[in-house]
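Chemist: The structure is given below, and queries will be raised subsequently.
The values are calculated or read from the model by the stated rules, or taken from the named source; none is laboratory data. Worth saying up front: this structure is predicted, and the values here are computed from it rather than measured. Cβ placement follows ideal geometry from the backbone for every residue including glycine, while neighbour counts extend to all protein chains displayed. Heads up: the accessible areas ignore ligands, DNA and RNA and are worked out on the full protein's heavy atoms, side chains in. Shrake-Rupley method; radii C 1.70, N 1.55, O 1.52, S 1.80 Å.
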Amino acid sequence: MTGSHALVTGGAGFIGSHLTRALLAEGRRVTVIDNLTVGRRGAVPDDARFVHGDIRDEAALRDALEGVDGVFHLAAQVTIRGSFDRFVEDLDTNVMGTARLLKALDPSRVRWFTLASSMAVYADADSPAPIDESHPTRPLSPYGVGKLAAEQVSAQILASRGIPFTAVRFFNTYGPGQTFTPYVGVLTIFITKLLRGEPITVFGDGEQQRDFIHVSDIVAGTMATPGKTPGCYNLGTGRGTSLNQLAELVLEALAPGQRPQHAPAHTGELRFSVANIDAARRALGFVPARSLDRDLQEVIAHIRAREGLAE
Ligand code: UD1
């Protein structure tokens, strides 16, 4: 990837802005395209070229792809629960946006294409045992359907054009810079609510498990893809945490003695979502370095600062 000029779609968002900063820090050139619906202009470093536009807009895509020789495609409507209300908009962005981006690529220039996919493409698992990439894909949500369709159409179109394609399936990503919305990552929701003096709610019995991975590990795994064996890779830690355990951890740090509230489980959510990362380890040299227990105070400090609260 040395000397390459990468396009980061969604580069003003949570994961995209971290990726953009890491690429620039390695001396790469970066163009960001983002419609700023969730992303913030201020999250894009000045050293990156910024195109304010939507991936469904062909003129904006042409502008963004100028001089680019590789693509990290992260722009998407990112919410599993929200995708039931907004499935038309979500599929339009996540599937048709991807299709338009593929159409706009110049195969004589672009040498690799990496898509941010999701654990939401998988069928539910019977147990918390880590699942590998051969686990059946049977998405439970419109969001998962969109991500799987984006993977499949990218694989077909890019193969026909001779461009190496990798899909990285992100598990539950946390870390500084995650925007607070009702649909955003549960760790950010729990911490923000407790700092605001509000109760936290666990959906369902709380025994569902997630694989929480720090954004810097997600960025390292994603950045490792160009030039490596193309394919499909889980990016997680291999460790599951139940929602009850997560609630306990956060309550212990911020509101000892308080108990979480409970609300009915949402449809469309996986019971068990823990990654087997052997394939990424072998092909990408992916070794996650961070862990939720150790990172909790860092995440709390960032959210405290964002909320304008003193230590
Ligand atoms: C998240 C991402 C999704 C991504 C996937 C893998 C968001 C909004 N979704 O999905 O885009 O593809 O990880 O990286 O970031 N929960 C509660 N109480 C709450 C909020 C959530 O109990 O107040 C529970 C949910 O029911 C779920 C778990 O926490 O079981 C995780 O939810 P969430 O952090 O929203 O992520 P996912 O939906 O798993």
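Chemist: Among the residues of the range 146-164, count how many are buried (at least 19 other Cβ atoms within 10 Å of the Cβ) and assigned to a loop (DSSP other than H, G, I, E, B).
Modeler: 2
Chemist: Scan the helices (runs of 4 or more DSSP H) fully inside the range 32-107 and keep the ones with 2 or more residues being open to solvent by 20 Å² or more (accessible area, probe 1.4 Å), farther than 23 Å from Val145 by Cβ and of a type in the set (D, E, K, R).
Modeler: 58-65
Chemist: In the range 133-157, what residues are touching a helix residue (DSSP H, G or I) at 6+ places or on another chain (Cβ under 7 Å) and more than 16 Å from the ligand (Cβ to nearest atom)?
Modeler: Selection gives Val153, Ser154, Ile157.
Listed here are the residues, each with its yes/no results for (1) among the aromatic types (Phe, Trp, Tyr); (2) closer than 16 Å to Gly221 by Cβ; (3) at pLDDT 95 or above; (4) buried (at least 18 other Cβ atoms within 10 Å of the Cβ).
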| position | (1), (2), (3), (4) |
| --- | --- |
| Gly257 | no, no, no, no |
| Ala265 | no, no, no, no |
| Phe272 | yes, no, yes, yes |
| Ile277 | no, yes, yes, yes |
| Ala283 | no, yes, yes, no |
| Val287 | no, yes, yes, no |
| Leu292 | no, no, no, yes |
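Chemist: Go through (1) more than 12 Å from the ligand (Cβ to nearest atom); (2) modelled with pLDDT of 95 or more for Glu198 and report which single condition fails.
Modeler: Going through the list (1) more than 12 Å from the ligand (Cβ to nearest atom); (2) modelled with pLDDT of 95 or more, Glu198 breaks only (1).
Chemist: So, in the range 108-129, exactly how many residues are open to solvent by 30 Å² or more (accessible area, probe 1.4 Å) and either outside any loop (DSSP other than H, G, I, E, B) or touching a Phe, Trp or Tyr at 6+ places or on another chain (Cβ under 9 Å) (or both)?
Modeler: Total meeting the criteria: 5.
Chemist: Looking only at the range 51-96, count how many residues are touching a helix residue (DSSP H, G or I) at 6+ places or on another chain (Cβ under 7 Å) and in contact (Cβ under 8 Å) with a residue 24 or more places away in the chain.
Modeler: Of the residues in that region, 22 qualify.
Chemist: Still on this structure, I have one more. From the list Leu249, Leu243, exactly one residue is closer than 18 Å to Ile191 by Cβ and near the ligand (Cβ under 10 Å from one of its atoms). Which is it?
Modeler: Only one candidate qualifies: Leu243.
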